[in-house]
Structures are given as structure tokens and as C-alpha cells.
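S.K.: Below are the C-alpha cells for one structure; questions will follow.
The values are calculated or read from the model by the stated rules, or taken from the named source; none is laboratory data. Everything numeric here is computed off the predicted structure, so don't read it as measured data. Cβ sites come from the backbone with ideal geometry, for glycine too, and all protein chains shown count toward neighbours. Keep in mind that these areas ignore ligands, DNA and RNA; they rest on the heavy atoms of the full protein, side chains included. Shrake-Rupley method; radii C 1.70, N 1.55, O 1.52, S 1.80 Å.
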Amino acid sequence: MSVLLICTGRDPQVWVNAIREQQPNVKLYVYPEAHDPKEITYAVTWRHPKRVFNKYPNLKVIASIGAGVDHIICDPEIPKSALVTRVIDEQLTKDMSTFVLALVLDKIRNISLHHSEKKWGPKPYQTVEEENIGIMGLGVLGKSAALNLSKNGFKVSGWSKTKKHIDGVSTYHGERDLNDFLKNTSILICLLPLTLETECILNKELFEKLPKGAYLINVARGEHLVEHDLLEMLDKNHLSGASLDVFRIEPLPQEHPFWKHPNIQITPHIASITDPKNAVNQLLDNYNRMLANKPLNNIVELKKGY
Ligand code: NDP
């Protein structure tokens with residue numbers, strides 16, 4: 001009954017410290033240190049090497065340290081018997097909605113643009129009331145971002161798979177509503193999970209349905225975006241710009257054309273990062289639930305993919 005921590009591209013030590021501080025008696029191994037695979041029942045993971053879980057015959061739970069689980073589900077060989085869980089955390093959710101609001105305000109008031117253009121003088125700008133913000137994905141993060149933008153005076157609409165009712169937000173759902181959702185959206189924010197249905201959803205065909213001059217914010221996953229379609233739409237001035245926090249390859253390679261594009265703003269996947277000190281409680285709570293044969297929290301429906 002041991003825990004395996006697999007943390008690719010993130011510092012595992014902060015998780016080790018947080019777990020040990022909270023529950024010192026947990027037997028914890030950090031992949032790839034030597035351990036007996038038969039002992040492992042609970043894996044805490046971020047971007048594990050594909051097919052690695054095949055080696056663990058007694059694995060019961062694969063817990064994502066983030067809100068997204070695409071990094072787990074994209075593995076064709078995750079054991080069918082294992083449950084997959086994700087993090088739902090108040091601070092993570094707040095951080096995302098604050099970040100999105102900051103990007104929207106930066107865009108409408110030309111804050112970064114004044115600096116990059118190095119020209120002294122006012123520029124025309126849109127007021128909060130003039131913008132139509134459209135959020136793709138009205139889950140934990142999308143709904144919170146929508147409410148925060150609405151609270152700050154923006155007209156907000158959102159699009160999800162199933163119907164939603166959110167005070168102050170116009171809601172659309174399903175393929176059938178997508179065109180209506182897009183046609184008035186001046187700032188499009190992607191907060192969808194990455195699934196087979198949503199991969200490459202930010203493409204030329206979709207951008208063409210937005211009004212001319214629309215702006216894109218992608219804080220979900222790099223694989224949602226067809227990169228050359230974005231460049232084409234920017235170069236044709238159909239889109240006015242984009243703020244991207246996530247990329248197909250991370251870190252974004254230095255030679256990538258996005259770095260040099262004057263209308264693309266880049267941040268290094270920092271919109272909201274799980275704080276181990278906050279999330280470790282729910283990871284260990286689920287571990288203890290597993291040991292006590294109690295139902296787990298934040299289970300992901302593998303069939304749905306998110
Ligand atoms: P949730 O699972 O809570 O919500 C997903 C939303 O997307 C739901 O509203 C769902 O609709 C909707 N959706 C899913 N598939 C479709 C589809 N095919 N068509 C229309 N709508 C769809 O996810 P979270 O809000 O917690 O997180 C969203 C994503 O944000 C994560 O998966 C992750 O990739 C990303 N993320 C990025 C971070 C960053 O730092 N940049 C940090 C954390 C997360 P319905 O409600 O009807 O099911």
C-alpha cells in the first residue's frame with residue numbers, strides 16, 4: 001500500500017515535502033527510484049511516461065496533480081481497473097479567473113501594447129461594456145472566470161457541452177449553438193478540457209465565425225489550437241491578437257514564430273498552477289478513502305474524457 005509520485009517537468013520535491021508534512025507515515029516513492037511495483041496502489045502524477053502503469057498490477061488510483069487529466073487519458077494503456085481523479089481547488093480556480101480578467105483588461109486598455117509599440121500618446125480603446133466575452137467551457141474554471149468577468153461589468157456568454165444556467169451569463173451548448181455563440185464574441189477564451197472532440201477546435205473555420213477584430217485567449221491546452229490557422233488569421237487581420245498560455249510543445253521553443261509575432265502575447269503556462277500545499281489535502285484524503293474503501297472525490301469519467 002504505497003504511493004508513487006511521477007512528476008515530469010515539475011519539481012517533485014515540493015510534492016514530497018507537502019505529502020510528508022501532511023502524512024509522515026505514507027510510504028512514498030518518487031519515480032524512477034527503486035521500488036516494488038506490486039506495492040503501489042496510488043499514483044500521484046503529472047505527465048507520466050506512457051504505458052508505465054502497466055507495470056503496477058495493484059494500482060487502484062491515478063491522481064492528477066492538476067485540474068486537467070488529458071496527460072493521463074492520452075495514454076492508451078492506463079489500467080482499466082484504476083480510477084482517475086483530478087484536483088478541484090479554490091485557489092487554483094481563483095487564480096485562473098484573476099488571470100483571465102487581467103488578460104482581458106490588458107487587451108482592452110492596450111496596456112502591453114503601449115509598451116511594445118514604444119509610442120507616447122493615448123490610443124482608442126473599448127470600454128468594459130462594449131466587449132462581448134465568450135468562454136468555451138463552463139466547468140469549474142470556465143464558470144468561475146465567467147462570473148468574475150460578469151461581476152466586473154463585461155457582457156459574458158459561455159459555451160459548453162450540456163445546457164447551463166449561470167446568473168448574468170448567456171449560455172449556449174452543443175455544436176448546434178456554436179455559430180450563435182461565436183458570432184458576437186469579441187474576446188474568445190478557451191477553457192475546454194483537451195479531448196478527441198476539442199483537439200484543434202481553435203481553427204480557421206471557427207475563427208472565421210468570429211467578428212473581424214476578435215481576440216483569442218487560450219489558457220486551456222496548446223493542442224486546442226491549430227497554430228498556422230492562428231498565424232494566417234492574424235496576418236489577414238481577421239483576428240486582432242492572441243494571448244497564449246499553453247502550447248503544443250512546452251517550453252515553447254525559442255525559434256517558434258509566436259515569440260516574434262507582434263500581436264501574440266505569451267505566458268509560460270502559468271495561468272493557474274496547483275499549489276502542493278493546497279492540493280495535498282485532497283490527494284491524501286482520497287488516498288485514505290481508498291484505504292478505507294470509501295468513495296473517492298473528484299473522479300473523472302473516463303468515457304467523457306474530462
Ligand atoms: P471541467 O471539466 O470542470 O469543465 C470542462 C467544460 O468544458 C465543461 O463545461 C464541459 O461541458 C465543456 N466541454 C467539454 N467538452 C466539450 C465539447 N466537446 N463541447 C463543448 N463544451 C465542452 O474543466 P475545468 O474547468 O476544471 O478545466 C478546464 C481545462 O483548463 C483543463 O482541462 C485544463 O486543460 C485547463 N487548465 C489550464 C491551466 C493553466 O494554467 N493554463 C490550469 C488548470 C487547468 P459540460 O459542463 O456540459 O460537461
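S.K.: Under 7 Å between Cβ atoms, at least 6 apart or on separate chains: pull out the pairs that start in region 202-217 with a residue that is part of a helix (DSSP H, G or I) and end on any residue that is open to solvent by less than 10 Å² (accessible area, probe 1.4 Å).
M.R.: LYS204/MET233; LEU206/LEU182; PHE207/MET233; PHE207/LEU239
S.K.: Return only the number of the condition from (1) under 18 Å from ALA102 (Cβ atoms); (2) open to solvent by 20 Å² or more (accessible area, probe 1.4 Å) that LEU216 does not satisfy.
M.R.: (2)
S.K.: Something else: If a residue must be in contact with a Ser or Thr (Cβ under 9 Å, 6 or more places away or on another chain) and either in contact (Cβ under 8 Å) with a residue 60 or more places away in the chain or outside any strand (DSSP E or B) (or both), how many such residues does region 21-51 contain? Walk me through it before giving the result.
M.R.: Looking only at region 21-51, we keep the residues that are in contact with a Ser or Thr (Cβ under 9 Å, 6 or more places away or on another chain), and these are 26-29, 31, 35-36, 39-42, 44-49.
Keeping just the survivors that are either in contact (Cβ under 8 Å) with a residue 60 or more places away in the chain or outside any strand (DSSP E or B) (or both) gives 26-27, 31, 35-36, 39, 41-42, 44, 47-49.
Summing the residues that are in contact with a Ser or Thr (Cβ under 9 Å, 6 or more places away or on another chain) and either in contact (Cβ under 8 Å) with a residue 60 or more places away in the chain or outside any strand (DSSP E or B) (or both) in region 21-51 gives 12.
S.K.: When residues of region 178-192 are filtered for being part of a helix (DSSP H, G or I), within 20 Å of LEU141 (Cα to Cα) and away from the ligand (no atom under 12 Å from the Cβ), how many remain? Full working, then the answer.
M.R.: Taking region 178-192 and keeping what is part of a helix (DSSP H, G or I), we get 178-183.
From what's left, within 20 Å of LEU141 (Cα to Cα): 178, 181-182.
Narrowing further to those that are away from the ligand (no atom under 12 Å from the Cβ): 182.
Summing the residues that are part of a helix (DSSP H, G or I), within 20 Å of LEU141 (Cα to Cα) and away from the ligand (no atom under 12 Å from the Cβ) in region 178-192 gives 1.
S.K.: Consider region 1-20. How many of its residues are closer than 21 Å to PRO76 by Cβ and in a strand (DSSP E or B)?
M.R.: So the answer is 2.
S.K.: Is there a residue being farther than 29 Å from PRO268 by Cβ and of a type in the set (S, T, N, Q) anywhere in region 184-196? I'd like the intermediate steps shown before the answer.
M.R.: Filtering region 184-196 for residues farther than 29 Å from PRO268 by Cβ gives 184.
Then keep just the ones that are of a type in the set (S, T, N, Q); that gives 184.
Scanning region 184-196 turns up at least one residue that is farther than 29 Å from PRO268 by Cβ and of a type in the set (S, T, N, Q).
S.K.: What residue, of VAL140, VAL156, is surrounded by fewer than 20 Cβ atoms within 10 Å (Cβ to Cβ) and among the aliphatic types (A, V, I, L, M)?
M.R.: Numbers: VAL156 fails: surrounded by fewer than 20 Cβ atoms within 10 Å (Cβ to Cβ).
After ruling out the rest, the residue left standing is VAL140.
S.K.: Condition (residue is closer than 24 Å to ALA271 by Cα, within 9 Å of the ligand (Cβ to nearest atom) and assigned to a strand (DSSP E or B)) applied to region 168-177: is it met by at least one residue?
M.R.: no
S.K.: Out of the residues in region 69-102 that are touching a residue at least 12 places away in the same chain (Cβ under 8 Å), small (Gly, Ala, Ser) and surrounded by fewer than 21 Cβ atoms within 10 Å (Cβ to Cβ), which is farthest from ALA145 (Cα to Cα)?
M.R.: Within region 69-102, the match that is farthest from ALA145 (Cα to Cα) is SER81.
S.K.: Only one of (1) more than 21 Å from the chain's Cα centre (by Cα); (2) within 19 Å of LEU101 (Cβ to Cβ) is not met by CYS190, so which one is it?
M.R.: That leaves (1) as the condition not met.
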